[in-house]
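Every read-out reported here was derived from the displayed coordinates using simple, explicitly stated rules and does not represent laboratory data. Since we're looking at a predicted model, the values are computed, not measured. All Cβ positions, glycine included, derive from the backbone under ideal geometry; neighbour counts span all protein chains shown.
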Amino acid sequence: MKYYEIIINKTSKSMGKNSEPFRQFDNEVKKFMSLEDVKQFINDEFGSVKTTYKIYRDGKDGEAVEVGKIYAYKNKDWSHDTESWYQQDWVEVREVNKEVKTILV
């Protein structure tokens, strides 16, 4: 069985000169059956974000391999009229292949 996972690690920090470093506040894993659905989800969630950075991980041979993107933007909780903050969502897409075996007991 093959499917795709989107791993989203959400980080934020307050605005201002004395703000602390980014802190993770949420982690999501979403599963999709097709790559087209993955692309549609990313476009729906992050299509309007203009600032992105590539995420790299060391490969088996020691070379850097691109594994995702960071989507960086300002955010605000409009329902409570809070102060704005900086948010960075670290997004990685993985293809998962699992063999499913039925076992009768």
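Sequence-ordered 3J(HN,Hα) estimates for segment 98-105 from the Karplus curve with 6.51, -1.76 and 1.60 and θ = phi - 60° stand at 10, 8, 9, 10, 8, 10, 8, 10 Hz, glycine and proline given as x.
DSSP beta bridges confined to the chain are antiparallel in about 100 percent of cases. Helix 35-46 versus the longest principal axis of the chain: what is the Cα-based angle in degrees, 0 to 90, to the nearest 10? That works out to roughly 10 degrees. When the Cα centres of segment 45-60 and segment 3-23 are compared, how far apart do they sit, in Å? Centre-to-centre (Cα) distance: 13 Å. Sparse packing (at most 11 other Cβ atoms within 10 Å of the Cβ) combined with a DSSP loop state is found for the following chymotrypsin sites (Phe, Trp or Tyr not before Pro) in segment 1-86: TRP78. What label, among [x] 47, 29, 21; [y] 59, 39, 29; [z] 52, 23, 21, belongs to Cα extents along the principal axes in Å computed from the structure on display? Only one listed value fits the structure, namely [y]. Between GLY68 and ILE55, the built amide H atoms are under 5 Å apart, and every one of these is 5 or more places off in sequence or on another chain. Where in segment 29-54 does the label zone of ILE7 land, with the point 7 angstrom along Cα→C-beta and an amide N cut-off under 13 Å? So the set is 29-30. When the C-alpha to C-alpha distance is required to be over 18 Å, the pairs from LYS2/LYS39; LYS31/LYS60; LYS30/LYS98; LYS10/LYS54; LYS31/LYS101 that qualify are LYS31/LYS60; LYS31/LYS101. Using θ = phi - 60° in the Karplus curve 6.51 cos²θ - 1.76 cosθ + 1.60, the 3J(HN,Hα) couplings for segment 72-78 round to 10, 7, 8, 9, 7, 8, 5 Hz; x is entered for Gly and Pro.
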